[in-house]
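**Q** Here it is, the structure in full.
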Amino acid sequence: MYSAEECHLIAKTFDTKGEWLSAHKGSYHAAKRLGVYQSCVAHMRQGNQVWTEEACMKDAKSYTTKTSWKESNHPAYRSARKNGWFEACTSHMSNPKVKFSLDTVLVRASKYDTWTEWKREDKSSYIAAQRNGWLDDVASVLKRPAKKNRFLKWDKESIMGKARQYKNKKAWAVSSPSSYQAAKTLGVFVEATRHMSDPRIKERI
């Protein structure tokens, strides 16, 4: 059962009513039952309308932040990113840092059907979930099982423990590429490799 808020969040990821109905029938019909259908489709294209550069530029001027534009008119936002107009469309916008809580991450992640889509469309909340060890929680709102996410098992503590097993970065990268990459993604790489030597530098006698 979908709530009115969930219907709005899901609907914002589609450009047309047909796309929404085809991809997500449950939320589409729930919106009609709940009486929120018209507000859910207010941003969608009518007839043959397309998001051209001019249309995106005009629409973007109604917003002061990238986040508000994305949440209010995702199709225009997505078209601007896809076609290389994003920087021009958002040049007047500010982009204040969002302080993520678990609830905030869950709400934002629930807009997407897969981990790949979530990471591509909302990288900041994806990284926040990784850094704070919330990926298990997010797995409950995404269709893809959490175990398929290759960084899921790595948090700072486990990365630091793995890194201590190696004397240099190359050995670590070869032996445990997933933890090595996770350290970079989670921003703990420098701390994890502080004890390591550089094999390119020969010790002087």
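**Q** I need GLU191, GLU121 ordered by Cβ neighbour count within 10 Å, fewest first.
**A** Numbers: GLU191 13, GLU121 18.
Lowest to highest Cβ neighbour count: GLU191, GLU121.
**Q** Average the reciprocal distances over every distinct pair of alpha-carbons in the chain, invert the result, and give the Kirkwood radius in Å. Display every interim value, and only then the final one.
**A** On the way: mean 1/r = 0.0509 Å⁻¹.
By the Kirkwood definition, the hydrodynamic radius is 19.6 Å.
**Q** Mean residue ellipticity at 222 nm from the helices of the chain, using -39,500 (n - 2.57) per DSSP H segment of n ≥ 4 over the full residue count, to the nearest 500 deg cm²/dmol?
**A** Working: 16 runs with 114 residues, N = 205.
Using -39500 (n - 2.57) per qualifying helix, the result is -14000 deg cm²/dmol.
**Q** Oh, and also: With an 8 Å cut-off on Cα pairs and a minimum separation of 6 or more residues, tell me the relative contact order of the chain in percent.
**A** Values: 198 pairs, mean separation 27.5, N = 205.
Reported relative contact order: 13 percent.
**Q** Placing +1 at every Lys and Arg Cβ and -1 at every Asp and Glu Cβ, with all other atoms neutral, what dipole size does the range 9-84 have around its Cα centre, in debye to the nearest 20? Spell out each step's value before the answer.
**A** Values: 13 positive and 6 negative charges, 40 e Å.
In total the dipole reaches around 200 debye.
**Q** For the range 47-92, compute Rh as the Kirkwood radius over C-alpha pairs and then the Stokes-Einstein diffusion coefficient at 25 °C and 0.890 mPa s; write the answer in µm²/s, rounded to an integer. The partial results should precede the final answer.
**A** Details: Rh = 10.2 Å.
Translational D for this selection: 240 µm²/s.
Quick note: the coordinates plus some simple rules give every number you see, no bench work behind them. These numbers come from a predicted model, not from an experiment. Positions of Cβ are backbone-derived with ideal geometry, glycine not excepted, and every protein chain shown enters the neighbour counts.
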